[in-house]
Every structure is written in C-alpha cells, then in structure tokens.
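Everything on this sheet refers to the single structure shown next.
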C-alpha cells in the first residue's frame, strides 16, 4: 500500500489549498505556453480530480497553445481550450509547471487567488499560494502527492494516464537523477489503475507524421560539434516549417540527437521564431544547463532547460553559447 507523503510543506499547502477551493465557484487550471507532457499531464490530472471532488463547481482548463498531437491521446485533453479566448473572471487560477508568470505566454484572466504548483528550482514566485518542490522528478509527481493526500479514492484510470505520462516525459523515461524510490512507488501505484504503458509510449514516440521525419533529416544534416567544449547543436528555420507544413511540435526531441553523440556533454537545438530563436538545451551528466539558460533569461532543470532570444544570426548565437559554456566549464 502506498502511504501518503509526510512532507510538512505539502501537507500545509493542501490545508490552505482546500480552503481556497471550497470557497471558490469558478476555478481555472493552466500552465506554461507550448505545453509539454508534464504541463499537460499535471494540469489534466488535477483538472479531472477537481471535477470529481467538486461536482458543483465551474472548473476549466486552458493553455495558450494547443495540445501537441502526441499528447492528444490523454484522457480529457479535448477539454483544453485556448487561454487567450477566456474572458471569465475566476475565484482561483492554478498554474502548474511554470517557473515565471511570463512563461504562461499571455495575460492571465482576473482571479482572486493565483496558486502555483511547480518543481523548477530556478524561478520567480508570482502566486498568492505556492507549492514548489525541487529537486523533484516532475510537477506531475507533486500534483499526485497533493491529490493523494486529499482523496486517493478519486484517482482513476484517466487521472493515472495523465500523471504517469507527465512523470515519464519529464524524466526522459525515468532516467534523470531526480527520479527516486518514491517516484517509482508512485509509478507502480498508477500502473495499478489499469493504465497501459505501451499505449503511452506508442502515442509519444510512434505516431510521427512524415513531415517530422523530413524535418529531422534536415536537423541531422545541420549538426555541428565543438569537441573542445563537448558542445553540439542543430537548428530548424521558419522556412523549413513552411516547406513541410509543420509546426513547433514536430521538432519535439530534436535536441536529443546532438546530445546522443559520443563525447558530447551539452546540446542545443535552435528553433527559429518571428522574434529570433527558441533555444532548447540538454546535458548528459555533469553540466547544469538551467544555469546556462538563466544567463539568457530562461530556466529549467539541470539536464533540460531553454530560453528565447532575439538574436537572428546562427553563427552569432553559436559564438555566444560557446563563450558561455567555455566560461562555465572553467568553474564546474
């Protein structure tokens, strides 16, 4: 039997959280723009749970950007609407997996309370009530601890699919140091709710449209390596997306390919945007890419982070990153 967490901070948060929710008629769940598996998984897991817990309340879930095709298999993902389309005022807005209010991507609707649930270490607090635990595998694991404390009997197959997927994707298949014995105990509990891990894997990694593979061919051809600093990068341009009628979600996981190279520790993937580039950073073992991203106004985790820049020249971006990595390596 899985015992509830004894973490005093989580227990204290749950008491305050429930008081706010019980006095709220309209509740919104949201998270960061370009939502990934953890944002969607933790958000939907919480949304489904709250709908079961408070059947009489008006509860919505919204993100600025649409659900990526590889996450549309998740139960209740069809309930997610555009955050920019919402004009309501809420009693409480719960923001998951978001380290900075700007990461939501647009202005939040008006609300009496803003509640944060997150696992990012590098962050800017913005809520009236916050639960931030770092290091932790994922926001999905943290949401699980919260809802398991409140009412474990309400955790069904639909919730389990979302929470398990969030944990799985944010740990690269349970491969990061943030994975603990507790993480696996939670995963085992979720598996007991009749979820099929093969269905999750197949939807995440084996439903690719042909346009994604054509983009990947381009990205692989553009890989460049700097052996002296164990750094590699690749990129995709707006004209590439237009050519193949693709979108940002089709470039998911492209950063993993330069990281997979032998003797590479740090990898980057540049995705061109109207303003410049969105840069995804990854590391293998020792390098903290969250600290690197923070230097450019971004953030994330030790092995997975990112930032946005208005630099539009790839060679210039290469040079700036190489310089910062070289400086960091001297003090690592």
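Here are a few things to note about the model shown:
- Principal-axis tilt of helix 157-170 within the chain, Cα atoms, nearest 10 degrees: 30
- Placing a label point 7 Å from the Cα of residue 322 along the Cα-to-Cβ direction, none of the residues of the stretch 263-283 has a backbone N under 11 Å of that point.
- Highest-MSF residue in the chain out of 152, 209, 75 [GNM, Cα springs under 10 Å]: 209
- Shape of the stretch 184-243, Cα gyration tensor, a/c cut at 1.5: oblate
- Rel. contact order, % - alpha carbon contacts under 8 angstrom, at least six apart, the stretch 210-329: 19
- Highest-first arrangement of 39-49, 251-261, 214-224, where packing means the average Cβ count within 10 Å: 39-49, 251-261, 214-224
- Pairs of Cα atoms nearer than 8 Å and 6+ residues apart set the relative contact order; for the chain it is 13 percent.
- Max-minus-min Cα coordinates of the stretch 210-329 on each principal axis give 39, 30, 24 Å, with the largest extent listed first.
- Sorting 6-12, 182-188 by their mean Cβ neighbour count within 10 Å, with the most densely packed peptide first, gives 182-188, 6-12.
- Option label - semi-axes √(5λ) of the Cα gyration tensor in Å computed here, alternatives [x] 57, 24, 17; [y] 37, 30, 17; [z] 33, 21, 20: [z]
- Highest mean packing first, where packing is the average number of other Cβ atoms within 10 Å per residue, the peptides 287-295, 264-272, 66-74 line up as 264-272, 287-295, 66-74.
- Remark: 211, 51 ranked as 211, 51, counting other beta-carbon atoms within 10 Å and listing the fewest first.
- Per-pair calculated FRET efficiency, R0 = 30 Å: residue 217 and residue 286 via Cβ, rounded to 0.05: 0.45
- Tensor-based shape of the stretch 8-204 (alpha-carbon gyration tensor, a/c under 1.5 rounded, otherwise prolate or oblate): rounded
Here, each number is a calculation from the coordinates, and none is a lab measurement. These numbers were taken from a predicted model, which means no experiment stands behind them. Quick reminder, even Gly has a Cβ in these numbers, built from the backbone with ideal geometry, and neighbours come from all protein chains shown.
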